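Q: Take this structure first; my questions come after.
The values are calculated or read from the model by the stated rules, or taken from the named source; none is laboratory data. The shown structure was predicted, so the numbers you read here are calculated from the model rather than taken from an experiment. Neighbour counts are summed over all protein chains in view; Cβ atoms, including those assigned to glycine, are modelled from backbone coordinates with ideal geometry. Please note that ligands, DNA and RNA were not included when accessible areas were found on the heavy atoms of the full protein model with its side chains. Shrake-Rupley method; radii C 1.70, N 1.55, O 1.52, S 1.80 Å.
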Amino acid sequence: MSLTPDDIARIANLARLELHPDESERMLTQINGFFGIVEAMRAVDTTGVEPLAHPVAVIQDVALRLRDDVASEPNQREANQRSAPAVERGLFLVPKVIE
């Protein structure tokens, strides 16, 4: 996958960035370079390779210090939403900002 100058212009518009033509061209080159790296990584055959929980696990055993996933704070949703300008069914309502 590679982007075109039109894609860069659209992304800049969505991000509310004003890019000069030389900046836009540099951005296009950099982002397409990133996509090239991703494609090169996708080409590597990882069949039979177990995922690592931590990169250091390649050279030594790593004991992950994980805690139980339990709620430790009381539910204060209603108190937190009292100052919100708009709430519906327990959710904050925000204006649409993406096309």
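Q: Exposed loop sites here are trypsin sites (Lys or Arg not before Pro) in DSSP loop states with at most 16 other C-beta atoms within 10 Å. What is the longest stretch of the chain lacking them?
A: 17-64
Q: Which length gain, in nm to one decimal place, applies between residue 4 and residue 92 when the Cα-Cα distance is subtracted from 0.36 nm times their residue separation?
A: Computed gain between residue 4 and residue 92 is 28.0 nm.
Q: If you count only protein heavy atoms with a 1.4 Å probe, what accessible area per residue comes out for the chain, rounded to a whole Å²?
A: Using a 1.4 Å probe on heavy atoms only, each residue of the chain averages 96 Å².
Q: With a 1.4 Å probe and all protein chains left in place, how much of the accessible area of the chain comes from carbon and sulfur atoms, in whole percent?
A: On the chain, the fraction of accessible area on carbon and sulfur atoms equals 56 percent.
Q: Stokes-Einstein diffusion coefficient for region 1-51 at 10 °C in a medium of 1.306 mPa s, Rh from the Kirkwood formula over Cα pairs: what value in µm²/s?
A: The estimated diffusion coefficient comes to 126 µm²/s.
Q: A further question on this structure: Using 1/(1 + (r/R0)^6) with R0 = 35 angstrom and r between the beta carbons of residue 66 and residue 46, what's the FRET efficiency to the nearest 0.05?
A: Between residue 66 and residue 46 the formula returns 0.90.
Q: In addition: How high is the relative contact order of the chain? Use alpha-carbon pairs under 8 Å, at least six apart in sequence, and give a whole percent.
A: RCO, the chain: 20 percent.
Q: Using each residue's phi in region 11-20, evaluate 6.51 cos²θ - 1.76 cosθ + 1.60 at θ = phi - 60° and report the 3J(HN,Hα) Karplus result to the nearest Hz, with x for Gly and Pro.
A: Calculated HN-Hα couplings, in order: 4, 4, 5, 5, 8, 6, 10, 9, 9, 6 Hz.
Q: Let me ask you something else. Probe 1.4 Å, all protein chains in place: accessible area of residue 39 in Å², nearest 10?
A: Only protein atoms counted, so the area is about 80 Å².
Q: Please provide three numbers in whole Å: the alpha-carbon extents of the chain along the principal axes, with the largest listed first.
A: 48, 48, 20 Å, listed from the longest principal axis down.
Q: Another question, then. State to the nearest 20 debye the size of the charge dipole of the chain about its Cα centre, where the only charges are +1 on K and R beta carbons and -1 on D and E beta carbons.
A: With only Lys, Arg, Asp and Glu charged at Cβ, the dipole is about 440 debye.
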